[in-house]
1. Go through the residues of the stretch 198-207 one by one and say whether even a single one is at pLDDT 95 or above, surrounded by 20 or more Cβ atoms within 10 Å (Cβ to Cβ) and not in a strand (DSSP E or B).
2. With the structure loaded, tell me whether residue 19 is farther than 22 Å from residue 145 by Cα, among the polar types (S, T, N, Q), in contact with a Lys or Arg (Cβ under 9 Å, 6 or more places away or on another chain) and exposed (fewer than 12 other Cβ atoms within 10 Å of the Cβ) or whether it fails that test.
3. Given the conditions (1) part of a loop (DSSP other than H, G, I, E, B); (2) modelled with pLDDT of 95 or more, and given that residue 219 satisfies all but one, which numbered condition is not satisfied?
4. State all residues of the stretch 224-243 that are among the polar types (S, T, N, Q) and either modelled with pLDDT under 95 or not in a loop (DSSP other than H, G, I, E, B) (or both); if no residue qualifies, say none.
5. List pairs: first residue in the stretch 26-42 and at positive phi and in contact (Cβ under 8 Å) with a residue 60 or more places away in the chain, second residue crowded, with 19+ Cβ neighbours inside 10 Å and not acidic (Asp, Glu) anywhere in the structure, Cβ distance under 6 angstrom, at least six positions apart or on different chains.
6. Can you name the residue in the stretch 161-176 that is over 8 Å from the mean Cα position of the chain (by Cα) and not β-branched (Val, Ile, Thr) and is also farthest from residue 62 (Cα to Cα) among such residues?
7. Restricting attention to strands (runs of 3 or more DSSP E) lying wholly within the stretch 8-86, give those where 1 or more residues are of a type outside the set (D, E, K, R) and more than 25 Å from residue 195 (Cβ to Cβ).
8. Within the stretch 155-181, can you find the residues that are part of a loop (DSSP other than H, G, I, E, B), of a type in the set (A, V, I, L, M) and modelled with pLDDT of 95 or more?
Amino acid sequence: MHPLQKSIQKFFAEGPAISDAVEANRVFRDFRAALTNGEIRAAERSPDGSWRVNAWVKEGILLGFRLGELTETGDSKVLSFVDKSTFPVHHYNLADRVRVVPGGSSIRMGAYLAPSVVCMPPMFVNVGAYIDEGSMIDSHALVGSCAQLGKRVHLSAAAQVGGVLEPVNAAPVIVEDDVLVGGNCGIYEGTLVRARAVLGSGVILTRSTPLYDVPRGEVYRATADKPLTVPENAVVVPGSRAITKGKAAEWGLSVYTPVIVKYRDDKTDASVELEDLLR
């Protein structure tokens, strides 16, 4: 158990009537520093490859919102913010080795970005997010609260990785190592994208979205206790499925669905392979 866990759980359980606000703020500041430094995280991978949610970390984030008060920040009235005092914008320096290109990006304290992460403007990373080494967050991309991104993930322009902060025991969106997320993709509601998967531009993944696997002849869905999971090495593109009942069938309508069209191969460059599939 982490040294801060009991204190975080105690103050969170007290609700709005915090018994010792000074001590709660001290504990929270230590918690936020550990979260920002990547020492703790909202979800961790187990040795068997499954993911475990650290509900107490989410409780700590929610405690921070409870303790915070609205405050003005920013260098001038031209670029100013009004937000909770407990989650200010994180400022990086050269020693952090995180590349934040100028142009309107914002990263909250309580988010961890590993050395060698690249941030292209404008982009936003919310509190509790964890982004591992070598990943790139491209322009207009969003990494939501508690989302977990692995090593060498490329989150392309305008892609969104949704946040799952509440309920505290719910798994956040998780994107494992070496995943390519195409432009305008959306990954939401605790979806798990396994290592080396490729999501073509415009793919949307949610708990209610069935994922059709053409090579294996299977359909993947989220269940009450498991998220929608994109298999390792899968190459996913936007597709559609026919509606077979009622007026929609009569009118020949169809609805969106993501489709696995093939599986990535170790010897083939993912972007070239995907381009060939979409021609």
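1. Yes, some residue in the stretch 198-207 is at pLDDT 95 or above, surrounded by 20 or more Cβ atoms within 10 Å (Cβ to Cβ) and not in a strand (DSSP E or B).
2. yes
3. Evaluating residue 219 over (1) part of a loop (DSSP other than H, G, I, E, B); (2) modelled with pLDDT of 95 or more leaves (1) as the failure.
4. Passing the criteria: 229, 240.
5. Close Cβ pairs satisfying both conditions: 38/112.
6. So the residue we want is 176.
7. Because the criterion is at least 1 residues that are of a type outside the set (D, E, K, R) and more than 25 Å from residue 195 (Cβ to Cβ), the strands (runs of 3 or more DSSP E) in the stretch 8-86 that meet it are 70-74, 80-84.
8. Passing the criteria: 157, 158, 159, 173, 179.
The values are calculated or read from the model by the stated rules, or taken from the named source; none is laboratory data. Keep in mind it's a predicted model, so treat the numbers as computed, not measured. All Cβ positions, glycine included, derive from the backbone under ideal geometry; neighbour counts span all protein chains shown.
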